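What follows is a single structure, written as structure tokens, with notes after it.
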Amino acid sequence: MPGQNLVVELRFSEGAGERWPLLAKELAALKVDAIVVQTTPAALAAKQATSTIPIVITTAIDPVGAGLADSLARPGGNVTGVALLQPEISGKALSLLKEAVPTLSRVAVLWNGANPAFKPVWREVDTTARSTGLVLLSQPVREPQDFGAAFAAMASQRPEGFLVLVDALVGQYMRQIVESTVRQRVASVSTSREFAVLGGLMSYGPNITAAQHKAADYVDRVLKGENPAELPFEQPTTFELVTNLKAAKVLGLTVPQLLVALADEVIE
């Protein structure tokens, strides 16, 4: 229990990613028993700060591609946790948007350009776009003040669709992102369920709450002495498709009945 048999040291970057190395060094200097991180940049900073303290990442986008682990099955270092299979999920989300709006041709993509884990995600999304005849309009953000310019750029380019790739930075501005897509009457999809709940057209991705519960399991295991080098990254086994028919009505869209039938949750 916190305050009884557990002491928690909290550190926040407050949207300033350049602070992660300093914060990670602070925690390493305290000789904590484990470091828990949510994002790839934070995990990379922690890994740079210590090669001995176990690090558990709760929502890794691509831990192997980002250099956090040798493989998902045998991480080989001091980092383990939950891998979200974000490249595959993001490509699938884009293809689902195309199924929902068959006439779609130009799609803006909002993503964190400062997060190295998104490189393989972008490659997968680009591959999907090429195979489905879509043109991608990249809208990267790197810090909080970039969102206004990204929304303005999207408005000027007038895309027909919008794909939101979510990490901790982008997730902080989900409500504003949804409001922007609604104002511009753009069919949209995201890898986060929250996006569809707040008024976006669709979302497709793993259950993040379940992933975080599994990460808590991993924290317990490393605190009890298990070696993170030998703890395989957990991967999601179920994915949720959420379709917001209220949003479709606002956009004047009729979502194909098959997509409605396949949805795990329909918002009406």
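Out of (1) of a type in the set (D, E, K, R); (2) over 23 Å from residue 34 (Cα atoms); (3) in a helix (DSSP H, G or I), what's the single condition that is false for residue 185?
(3)
Within the range 216-232, how many residues turn out to be touching a helix residue (DSSP H, G or I) at 6+ places or on another chain (Cβ under 9 Å) and open to solvent by less than 60 Å² (accessible area, probe 1.4 Å)?
The number of residues fulfilling the criteria is 4.
All but one of (1) farther than 30 Å from residue 78 by Cα; (2) hydroxyl-bearing (Ser, Thr, Tyr); (3) open to solvent by less than 80 Å² (accessible area, probe 1.4 Å) hold for residue 254, so report the exception by its number.
(3)
Check 169, 223 and return the single one that is modelled with pLDDT of 90 or more, closer than 21 Å to residue 59 by Cβ and touching a Pro at 6+ places or on another chain (Cβ under 9 Å).
Unique residue meeting the criteria: 223.
Can you pull out every residue in the range 214-268 that is part of a helix (DSSP H, G or I) and of a type in the set (Phe, Trp, Tyr)?
Residue satisfying the conditions is 218 alone.
Can you say whether residue 121 is modelled with pLDDT of 95 or more, buried (at least 19 other Cβ atoms within 10 Å of the Cβ) and either within 30 Å of residue 50 (Cβ to Cβ) or over 17 Å from the mean Cα position of the chain (by Cα) (or both), as far as the supplied structure shows?
No; evaluated as a whole, the condition is false for this residue.
Among (1) loosely packed, with under 12 Cβ neighbours inside 10 Å; (2) under 24 Å from residue 90 (Cβ atoms), there is one condition residue 243 misses while meeting the rest; what is its number?
Unmet condition: (1).
Filter the range 7-60 down to residues that are part of a loop (DSSP other than H, G, I, E, B) and in contact (Cβ under 8 Å) with a residue 40 or more places away in the chain and give me whichever is most open to solvent (accessible area, probe 1.4 Å).
The selected residue is 33.
So, in the range 196-215, how many residues would count as being without any contact (Cβ under 8 Å) to a residue 60 or more places away in the chain, out of contact with any helix residue (DSSP H, G or I) (no Cβ under 6 Å at 6 or more places or on another chain) and open to solvent by less than 60 Å² (accessible area, probe 1.4 Å)?
Total satisfying the criteria: 2.
Among the numbered conditions (1) in contact (Cβ under 8 Å) with a residue 60 or more places away in the chain; (2) crowded, with 24+ Cβ neighbours inside 10 Å, tell me where residue 77 comes up short.
The one condition residue 77 does not meet is (2).
Would you confirm whether any residue within the range 124-134 is farther than 30 Å from residue 217 by Cβ, surrounded by fewer than 24 Cβ atoms within 10 Å (Cβ to Cβ), touching a strand residue (DSSP E or B) at 6+ places or on another chain (Cβ under 8 Å) and free of Cβ contacts under 8 Å to residues at least 12 places away in the same chain?
Checked against the condition, which is being farther than 30 Å from residue 217 by Cβ, surrounded by fewer than 24 Cβ atoms within 10 Å (Cβ to Cβ), touching a strand residue (DSSP E or B) at 6+ places or on another chain (Cβ under 8 Å) and free of Cβ contacts under 8 Å to residues at least 12 places away in the same chain, the range 124-134 yields at least one hit.
Residues of the range 175-190 being open to solvent by 10 Å² or more (accessible area, probe 1.4 Å) and either free of Cβ contacts under 8 Å to residues at least 40 places away in the same chain or within 17 Å of residue 98 (Cα to Cα) (or both), which ones?
Selection gives 175, 176, 179, 183, 184, 185.
The values are calculated or read from the model by the stated rules, or taken from the named source; none is laboratory data. Computed from a predicted structure; not experimentally measured. Don't worry about glycine lacking a Cβ; one is built from the backbone with ideal geometry, like all the others, and counts go over all protein chains shown. Side chains are part of the model used for accessible areas, which takes the heavy atoms of the whole protein and leaves out ligands, DNA and RNA. Shrake-Rupley method; radii C 1.70, N 1.55, O 1.52, S 1.80 Å.
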